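Every number here is computed from the coordinates shown, using simple stated rules; none is lab data. As the structure is a prediction and not an experimental result, all values here were calculated from the model. When we count neighbours, we look across all protein chains shown, and the Cβ atoms used for this are built from the backbone with ideal geometry, even at glycine.
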Amino acid sequence: MIKKIIPLLLLFGCFEKSSHAQQLVRATDVNMVTTAGTKIVIDGGGISFIGTSVLTSTADSIYLVKTSATSPEGWLDSTATGVMNVTSTGNVFFRGTNRQSFFGKTRFYDLTIRNTAGDTLLSSCEVRNLLHLDTGYVFTKSGYGNDSLLVSSSTPAAIVSTSGFGKSWVHGRLSRIENQTGAANEYLFPIGKIKLPDSLFAPIKLDKFNSTTNTYTAEYFPCKPFNNTIINNPPVDHISSVEYWEISATIPNTSDADVKVSLSWRTYSQVSPIASVRDSLIVAQYVDNGGFKWDKTGTVGIHAKTDLPDQTFGYIKHRDYIGALSFLERRHTLGTMSKYNALPIRLIYFTAVGDGNKVRLNWEVANEQDTRVYEVQKSLTATSFTFLSNVSSRQLSHSAYTDFDYAPAMGWNYYRLKIIDKSGSFSYSPVRAVKFSKGMEDVKIFPVPATDVLNVQLPSSYINNVTLQLFGVDGKYIATLKPAVSNVQINVKNLAAATYVLKMIKTNDETQSYPFIKQ
């Protein structure tokens, strides 16, 4: 029964494009209850629940399906005093193809993320039993205090996935309550970040020392660690320059916080492709050891490693139970005791774009002196790859390459690089997908946000036939360029941090606009 519904006045005129103009209804103090054999289905979006709202579902399900792509994407806007509470043992499904958002204090029993294309934005949410991550990323409001998605069940297997977390994980902070011990009861944190053109799944695992209840929070950052050159050498030779994790405990700096930390690595991490060299990898922590520095905490000895057979993913586990999980000592990253373990970036980017009746593959690398060949591989399933072509390495400090698939299949085509060193060891690039149709022409700009250089990749037919113009978001003209190559690099280093628009003008005066952020 809905106790009170307050219509929301829609604003038009000069405010008709406001993101707040799409809200349809606001419901206060809602109590929705299923009866045996029924399900609650809320479809369409634009509903704001405030006050103390309760959805009660016993054994049945609640389906939240947002069909409109218009902002705001919200279902819930809970006031500071109100709580959206899904009681009993029902399962709430986020489904659909558009972003769905829940803001404010919300408590679920079981929560299943099964968005086929859209993502889910959560704030101050708690899952009391099982969190199912099947399809669609979960975004938490990173940067807003300690806001995170909390899984309060202390069962290690309280987070599950039908896709092996390959299609769904948490982009932001994830918190878990833990009270079970031992390697057999490791707690998985399926976290990562989207950093175009990559989606980086970067999970961690925590093996708790004792059974005293504690809450741990983790978040992944695909960027240079803080003070990454301030290290305790020896034993640490160097640490990663591309990624780190923040791990903290509600009760820090005691044995009740002590855990063995396992950090994952992936192709983006650029660890050595040689398994014996990877033995030197360690879990490094930024700690106050006679002044703050990156250090190998605990006792002397190597850390345990677990690698996948194709050497594209693995874990490094600390040999000791470590504490010091306070705010100041929350940072962790991959380190090495060997100068031969690469860790810096080697593959700068790898892209695949439709180019007329073919697919063009571009990649740029640094420090390729020990690389012998790049094997381009193709798949129609994203799982089983076959040989497409070989491109010999120039063995320079910096190189850019172009290759083509002249016979792409209609529909989805998947590509990756097998990077083979002089020793015969190899690693893989991220997989790139192209949904191909004959005559298609893709334009790709990256990275977004840009810092120093904005890359623009054009179809071959655009060379000498389009004009690029750069404008500020306020419409102020900045520069013009007529590309004579398909891979264009625009120097944006001296631009102020802001939003800009790259306008492309074709010879028939057709225009396309590509906004991007300079940070």
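How much mean residue ellipticity at 222 nm does the chain get from its helices, if each DSSP H run of length 4 or more adds -39500 (n - 2.57) and you divide by all residues, to the nearest 500 deg cm²/dmol? Don't jump to the answer; show the numbers that get you there.
Working: 1 runs with 4 residues, N = 519.
Theoretical 222 nm ellipticity from helices: 0 deg cm²/dmol.
I need the Debye-formula profile for the range 347-440: one equal scatterer per C-alpha, no solvent, reported as log10 I(q)/I(0) at q = 0.13, 0.16, 0.19 1/Å, two decimals.
Debye intensities relative to I(0), on a log10 scale: -0.42, -0.62, -0.84.
Based on the alpha carbons, how large is the Rg to Rh ratio for the chain when Rh follows Kirkwood?
So for the chain, dividing Rg by the Kirkwood Rh gives 0.99.
Would you mind ranking 39, 438, 208, 317 so that the residue whose beta carbon has the fewest other beta carbons within 10 Å leads the list? It would help to have the intermediate numbers written out before the result.
On the way: 39 13, 438 10, 208 25, 317 18.
Ranked by crowding around the Cβ, least crowded first: 438, 39, 317, 208.
What would the Debye formula give as log10 I(q)/I(0) at q = 0.19 Å⁻¹ for the alpha-carbon point model of the range 385-485, no solvent?
Computed log10 I(q)/I(0) values: -1.25.
Mind listing the long-range amide H neighbours of residue 194? Cut-off is under 5 Å, sequence gap 5 or more, other chains count too, H placed in the peptide plane at 1.01 Å from N.
Amide H neighbours of residue 194, under 5 Å, 5+ apart: 200.
Sorting check: for 447-459, 392-404, which peptide has the highest mean count of neighbouring beta carbons within 10 Å, and how do the rest follow?
Descending mean neighbour count gives 447-459, 392-404.
Write down the Å³ per residue value for the convex hull defined by the alpha carbon atoms of the range 443-519.
77 Å³
If you restrict to DSSP beta bridges whose two residues both lie in the range 443-519, what percentage is antiparallel, to the nearest 5?
95 percent
With a bin width of 5 angstrom, please list the P(r) values of the range 95-246 as percents of all Cα-Cα pairs, from the 0 bin to the one holding the largest distance.
Over the range 95-246, the share of Cα pairs per 5 Å bin runs 2, 9, 17, 21, 19, 14, 10, 5, 2, 1, 0 percent.
Counting other C-beta atoms within 10 Å, and keeping those with at most 13, which DSSP coil chymotrypsin sites (Phe, Trp or Tyr not before Pro) do you find in the range 269-370? Numbers along the way, then the final one.
Details: sites: 286, 292, 294, 313, 315, 321, 327, 340, 349, 350, 363; in loops: 321, 327, 340.
In loop regions of the range 269-370 (DSSP not H, G, I, E or B), the sparsely surrounded chymotrypsin sites (Phe, Trp or Tyr not before Pro) are 327, 340.
What order do you get for 316, 490 when you list them from fewest to most C-beta neighbours inside 10 Å? Show your work: numbers first, answer last.
On the way: 316 26, 490 19.
Lowest count first: 490, 316.
With unit charges on the beta carbon (Lys/Arg positive, Asp/Glu negative), name the residue among 505, 468, 411 whose Cα is farthest towards the positive pole of the charge dipole of the range 407-519.
411
Which one of 55, 229, 253 has its Cα pushed farthest toward the positive end of the charge dipole of the chain, where Lys and Arg give +1 and Asp and Glu give -1 at the Cβ?
55
Arrange the following residues from fewest to most other Cβ atoms within 10 Å of their Cβ: 268, 500.
Fewest-to-most Cβ neighbours within 10 Å comes out as 268, 500.
Rg (Å, one decimal) plus Dmax (Å, integer) for the alpha carbons of the range 188-308?
Rg and Dmax of the range 188-308, Cα atoms, are 14.8, 42 Å.
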